[in-house]
Amino acid sequence: MSVEVTKLENGLTVVTDSMPHLETTSVGVWVNTGARHEDLRQHGVSHMLEHMAFKGTERRSALAIAEEIETVGGYLNAHTTHEATAYYARVLKQDLPLAVDILADILQHSVFDPQEVERERGVIISEIGQAHDTPDDMVFDYLLEAAYPDQALGRSILGTVDTVSGFGRDALQGYMSERYLAPGMVLAGAGGIDHDALVALARDRFGALPSRVTNGAETARFSSGERRIERDLEQAHLALAFEGPTYSDPDYYTAQVLAGVLGGGMSSRLFQEVREKRGLCYSTFAFSWSFADTGVFGVYAGTSPDDVAELLPVLSGEIGRLGEDAAEDEVARARAQIKAGLMMGLESSSSRAEQIARQFTVHGRVLPIDELIERVEAVDAAAVRRYAGRLLGGRQMALSAIGPLDGKDGGLESYDRIAARFAG
């Protein structure tokens, strides 16, 4: 594999990784703007803009966009995160010019027809309703809300019914003009691709993008707090978290390994202790999410109402023990899982395109796979024990819970009592 990078005159970066054995190419545009770049009035506009991108341009109707990509057997999609919005396609390698042309068209010449806006508004409002009907997803939105109160990072990506109802053509066009600028965009391709050919296409199709630099997101401030939602459900869904590492933190992979040891698979501590030995839940896992200037390290569990009171002491006990007795064999298993995931990502052109785009956006370069493996291999049991102590030493904890929380034996403890379990 050969990573090549070219920055165009207007600031747009083209990055590719050639995989000559493939007959397919994955290509996409990663825009360095997402939900955390919105002010309160714009809440949800990044996600709505992503939806509207496929609803017609000056040259193509929504149907024409779908027909053109599917006529060549291609695939076109997009997604929004808190820090980025991605638009991408997968096609046979000879159809790269078409894919780039469609991406350039939707990102520069979308018309935002009022009828299409109204139709898609209904779709997104339905999506918001569906999300609220999925408590094992909503518990994570509430967790970020508790950890980052009154901040864009603490607000959901989807927006609210009220904010989405207020977005019209002008709001969408204005946000795109304000945020979709060449220096904050990466055109990434992987698979059967020629770098120089993609650069030539980029100059032709994206050369007119503005070269000015947009403002960044507000600095995130992790905070102690909780969000409890009492609902009549079959299960109670719980999540608790501490501030984790940023993307650039030297302990980024230490946190990933720690998450693997704690709750990354069937051999992990949470799975074995909470599910297998005690039968307290069906699903439990640990996670480490990183952002540009903050991070979240946490655990999730879904349990019956009658087991809520017993669950939290077990979770806190397993987290606390890691700072004392994390062993080399379980750390080695977690490292192996991470390394396997990194290597498997190299075998998929779409995964690789997203990987190199994200790395360039975050680090300003694509990290060689050997360097990534070396960073993972450097995490030993001592590092995991140290980092577990660092997490708990921060003393700030966020908690979210949805469901019937007042089960037998008192149900879910108070926030102060739960936090005290991590106070040493």
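Summary of computed values
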{"read-out": "Listed residues Tyr300, Tyr415 arranged by accessible area, highest first, probe 1.4 Å", "value": "Tyr415, Tyr300"}
{"read-out": "Per residue solvent-accessible surface (Å²) - the chain, probe of 1.4 Å", "value": "43"}
{"read-out": "30 Å Cα cut-off, lysine pairs counted over the chain (separation 8 or more, or different chains)", "value": "6"}
{"read-out": "In nm, spacing of pseudo-spin labels at Glu347 and Leu40 (7 Å Cα→C-beta vector)", "value": "5.0"}
{"read-out": "Separation of alpha-carbon centers, segment 1-45 and segment 274-338, rounded to whole Å", "value": "33"}
{"read-out": "Helix-only CD estimate at 222 nm, as mean residue ellipticity for the chain, using -39500 (n - 2.57) per DSSP H run (n ≥ 4)", "value": "-13500 deg cm²/dmol"}
{"read-out": "Accessible carbon and sulfur surface of segment 119-163 relative to its total accessible area, %, 1.4 Å", "value": "50"}
{"read-out": "Mean separation of Cα contacts under 8 Å (6+ apart) over length of segment 248-301, as relative contact order %", "value": "30"}
{"read-out": "Highest to lowest packing among 366-377, 281-292, scored as the average C-beta count within 10 Å", "value": "281-292, 366-377"}
{"read-out": "List Asp170, Asp307, ordered by accessible area with a 1.4 Å probe, largest first", "value": "Asp170, Asp307"}
{"read-out": "Accessible surface of segment 319-423, 1.4 Å probe, proportion on carbon and sulfur as whole %", "value": "49"}
{"read-out": "From phi via Karplus (6.51, -1.76, 1.60), per-residue ³J(HN,Hα) for segment 211-225 in Hz, x at Gly/Pro", "value": "9, 6, 9, 8, 6, x, 7, 5, 5, 7, 10, 5, 9, 6, x"}
{"read-out": "Length-normalised contact order of the chain in % [C-alpha pairs under 8 Å, at least 6 apart]", "value": "21"}
{"read-out": "Segment Lys339-Gln115, length gained on full extension (0.36 nm per residue, minus Cα span)", "value": "75.9 nm"}
{"read-out": "Sulfur and carbon atoms: percent of accessible area, segment 1-93 [1.4 Å]", "value": "51"}
{"read-out": "Exposure rank, largest accessible area first [His43, His79; 1.4 Å]", "value": "His79, His43"}
{"read-out": "Viscosity 0.890 mPa s, 25 °C: Kirkwood-radius Stokes-Einstein D of the chain over Cα pairs, µm²/s", "value": "107"}
{"read-out": "Solvent-accessible area of Arg278 with every protein chain in place, 1.4 Å probe, in Å² to the nearest 10", "value": "110"}
{"read-out": "Centre separation in Å (Cα based) which lies between segment 350-413 and segment 128-157", "value": "18"}
{"read-out": "Mean separation of Cα contacts under 8 Å, 6 or more apart, over the residue count of segment 174-253: relative contact order %", "value": "32"}
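The values are calculated or read from the model by the stated rules, or taken from the named source; none is laboratory data. Here the structure is a predicted model, which is why all the values come from computation and not from measurement. Neighbour counts are summed over all protein chains in view; Cβ atoms, including those assigned to glycine, are modelled from backbone coordinates with ideal geometry. For accessibility, only protein heavy atoms count, side chains too; no ligands or nucleic acids. Shrake-Rupley method; radii C 1.70, N 1.55, O 1.52, S 1.80 Å.
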